1. Measure off 7 Å from each Cα along the Cα-to-Cβ vector at Ser2 and Asn54, then give the distance between these two points in nanometres to one decimal.
2. Go through Glu120, Glu72, Glu24 and list them by solvent-accessible area, largest first, probe radius 1.4 Å.
3. Based on the Cβ-Cβ distance of Asp105 and Val22, what FRET efficiency does E = 1/(1 + (r/R0)^6) give at R0 = 25 Å, to the nearest 0.05?
4. So which GluC sites (Glu not before Pro) in region 85-119 are both in a DSSP loop and have at most 11 other Cβ atoms within 10 Å of their Cβ?
5. State the Kirkwood hydrodynamic radius of the chain in Å, one decimal place, computed from all pairs of distinct Cα atoms.
6. Based on Cβ point charges of +1 for Lys and Arg and -1 for Asp and Glu, what charge dipole magnitude is obtained for the chain about its Cα centre, in debye rounded to the nearest 20?
7. Name the lysines eligible as straight-distance cross-link partners of Lys113: C-alpha to C-alpha under 17 Å, and not fewer than 8 places from it in the same chain.
8. What's the carbon and sulfur percent of the chain's accessible surface, probe 1.4 angstrom, rounded to a whole number?
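The values are calculated or read from the model by the stated rules, or taken from the named source; none is laboratory data. On a predicted model such as this, the values are computed, not experimentally measured, just so you know. Note that each Cβ is placed from the backbone with ideal geometry, even for glycine, and that neighbours are counted across all protein chains shown. Note: accessible area is taken over every heavy atom of the protein model, side chains too, but ligands, DNA and RNA are not part of it. Shrake-Rupley method; radii C 1.70, N 1.55, O 1.52, S 1.80 Å.
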Amino acid sequence: MSKLRLAYYNLSPELLQGFRAVKEGLENSPLGLQLVELIYLRVSQINGCSFCLNKHSQVLRENQESERRLAELAGWRVSSQFTPREKAALEWTEALTHIVTTHADDYAYLPLKDHFTDQEISDLTFAIALMNGMNRLAIGMRH
């Protein structure tokens, strides 16, 4: 474990509170805790945030997520463990997390319309953006 570079949570508590407010709002989202945490975990896998990987896999386990689904999350495209709704969300998750190369193209966005309401798509996008931001804080500051 690397040494913490800066205690950003103490240095910028007002700014961090904004992130926490988004997280709290997502706890009441119609997306449901399971899907939101699955998205958090996939973003953290892509970004390599060990702190967040541990945290979100633990939350999923506490909420009865199967070990098989956790093990196959990185290979969700070829796994039979994920529903079409979850796969659409995971495609959007990867498109936004890799936005520099995907540009959030329609191939990733349009399938969402088959499975989610507009509010759910908005909430999903906030969840992805939040975890990407949190990963960058945690990795950048060596949390």
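1. 1.6 nm
2. Most to least solvent-accessible, the answer reads Glu24, Glu72, Glu120.
3. 0.50
4. When the GluC sites (Glu not before Pro) of region 85-119 are filtered for loop state and at most 11 Cβ neighbours within 10 Å, nothing remains.
5. One decimal place: 15.7 Å for the Kirkwood radius.
6. 680 debye
7. Lys87
8. The value for the chain is 56 percent carbon and sulfur by accessible area.
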